[in-house]
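Written out below as structure tokens is the structure these notes cover.
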Amino acid sequence: MTSKPTLLLEHHLKQLKLPSFLREYEKMAALCGQERADYQTYLLRLAEVELVDRERRAAERRVKAARFPVLKTLDTFDFSAQPSINEALIRELMRGEYMDRRENVLLIGNSGTGKTHLATALAFAACQQGRGVRFFTATGLVTQLLERREDRELERFLKQLERSDLIVLDELGYVPFSKAGAELLFDVVGRAYERTSLMVTTNLPFEAWIEIMGSERLTGALLDRLTHRVHIIEANGPSYRLEEARRRQKGQTAKAKDAATAD
Ligand code: ADP
Ligand code: MG
């Protein structure tokens, strides 16, 4: 039968919201008993377990709140497949200090060169570091902005975005925006200026942004803010998807040949 102090202790730990303490205190007591560790060491170890678990849960919440379409990390990125990418700069950005300085990151390059993969890996690292992140496709964000405005929720949404440390705008340039959409996007960039870091991936050189934004004036103002303090990563190699498809096809052809010669 569970004793009264145990029941009380478990109740208090629940009230104090110390779930890892609650889960581990018995096991840890046995362990510390074996090791003849003192009371302080016992308490310290439990506090450490709670702290580590709390950090992990918070990071998981931040990753969920960021709404990544697919999770990608840097360890699955093959830099040798894309030598045009500045690996040293990516590794430096992984440390996240650019967000303390409210600097932006721009990833420019053809389709399939790993821009989204890298942006996701960088933003994921930011979540692990305790930073608030939101990930959008550029068109997804514009659609949301238009919807929120319709529902008179725009200001709240913009305020919520303002609280992030990093906003990712993936794939700017595939679809041109309406006039209202471009203006709303400019609002986000304007409000983020010197407050929140922006990370933009695009297949378009700067000259072509006017076609997407629809206005020279707006494009100029947007680029001005975006590029004031910016790290630019250029990827101009072959498409990883195409190369992979080619490799697969070659593998199949080779297999077919082997099969033919084996006959
Ligand atoms: P982009 O956004 O530039 O069009 P993606 O990041 O979507 O390209 O990359 C396309 C696919 O190829 C993704 O599945 C991505 O994980 C993979 N990929 C691209 N480049 C690399 C690379 N250098 N190493 C490993 N995987 C890569
Ligand atoms: Mg992409």
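Of the residues contained in the range 139-148, none is found to be in contact with a Lys or Arg (Cβ under 7 Å, 6 or more places away or on another chain) and hydrophobic (A, V, I, L, M, F, W, C).
Has the range 150-157 got at least one residue that is more than 15 Å from ligand 1 (Cβ to nearest atom), closer than 18 Å to Tyr193 by Cα, crowded, with 20+ Cβ neighbours inside 10 Å and in the same structural domain as Leu223 (by TED's automatic domain parsing)? The answer is no; no qualifying residue exists.
Out of Leu141, Leu169, report the one residue that is part of a helix (DSSP H, G or I) and touching a strand residue (DSSP E or B) at 6+ places or on another chain (Cβ under 9 Å). Result of the check over Leu141, Leu169: Leu141. Scanning the range 167-191 for residues that are crowded, with 16+ Cβ neighbours inside 10 Å and among the hydrophobic types (A, V, I, L, M, F, W, C) yields Ile167, Val168, Leu169, Leu172, Phe177, Ala182, Leu184, Leu185, Phe186, Val188, Val189.
Considering only the range 236-262, how many residues are more than 16 Å from ligand 2 (Cβ to nearest atom) and among the acidic types (Asp, Glu)? Reasoning before the result, please.
Taking the range 236-262 and keeping what is more than 16 Å from ligand 2 (Cβ to nearest atom), we get 245-262.
If we keep only those that are among the acidic types (Asp, Glu) as well, we get 258.
Count: 1.
The single condition among (1) of a type in the set (A, V, I, L, M); (2) open to solvent by less than 10 Å² (accessible area, probe 1.4 Å); (3) within 16 Å of ligand 1 (Cβ to nearest atom); (4) out of contact with any Leu (no Cβ under 6 Å at 6 or more places or on another chain) that Leu198 does not satisfy is (3). Of all residues in the range 247-261, one or more are outside the structural domain of Ser84 (by TED's automatic domain parsing), open to solvent by less than 40 Å² (accessible area, probe 1.4 Å) and without any contact (Cβ under 8 Å) to a residue 24 or more places away in the chain. Total residues in the range 209-231 satisfying the condition of being closer than 24 Å to Tyr98 by Cα and open to solvent by 70 Å² or more (accessible area, probe 1.4 Å): the figure is 4. Scanning the range 96-112 for residues being open to solvent by 50 Å² or more (accessible area, probe 1.4 Å) and touching a residue at least 24 places away in the same chain (Cβ under 8 Å) gives a total of 4.
Looking at the range 201-208, is at least one residue open to solvent by less than 70 Å² (accessible area, probe 1.4 Å), in contact (Cβ under 8 Å) with a residue 24 or more places away in the chain, within 16 Å of ligand 2 (Cβ to nearest atom) and of a type in the set (Gly, Ala, Ser)? There is no residue in the range 201-208 that is open to solvent by less than 70 Å² (accessible area, probe 1.4 Å), in contact (Cβ under 8 Å) with a residue 24 or more places away in the chain, within 16 Å of ligand 2 (Cβ to nearest atom) and of a type in the set (Gly, Ala, Ser). Of all residues in the range 234-246, at least one satisfies being farther than 30 Å from Phe206 by Cβ, within 16 Å of ligand 1 (Cβ to nearest atom) and either free of Cβ contacts under 8 Å to residues at least 40 places away in the same chain or surrounded by 12 or more Cβ atoms within 10 Å (Cβ to Cβ) (or both). Taken over the range 120-138, the criterion of being hydrophobic (A, V, I, L, M, F, W, C) and outside any helix (DSSP H, G or I) is satisfied by Val133, Phe135, Phe136. On the given criteria, is Leu9 surrounded by 18 or more Cβ atoms within 10 Å (Cβ to Cβ) and either in contact with a Leu (Cβ under 9 Å, 6 or more places away or on another chain) or at pLDDT below 95 (or both)? So Leu9 does not fit the description; no. In the range 49-76, the residues that are touching a residue at least 12 places away in the same chain (Cβ under 8 Å) reach residues that are among the basic types (Lys, Arg) with C-beta atoms within less than 9 angstrom, at least six apart or across chains, in these pairs: Val49/Arg23; Asp53/Arg23; Arg62/Arg131; Ala65/Arg134; Ala66/Arg134; Arg67/Arg134; Leu74/Arg91. Listed by position, the helices (runs of 4 or more DSSP H) enclosed by the range 2-119 that each have at least 3 residues that are outside the structural domain of Asn203 (by TED's automatic domain parsing) and either of a type in the set (Val, Ile, Thr) or within 16 Å of ligand 1 (Cβ to nearest atom) (or both) are 39-66.
The values are calculated or read from the model by the stated rules, or taken from the named source; none is laboratory data. Values in this document were obtained by computation on a predicted structure and should not be read as measured data. So basically every Cβ, Gly included, is an ideal-geometry build from the backbone, and we count neighbours across all protein chains shown. Just the protein is used for accessible areas: all its heavy atoms, side chains included, with ligands, DNA and RNA removed. Shrake-Rupley method; radii C 1.70, N 1.55, O 1.52, S 1.80 Å.
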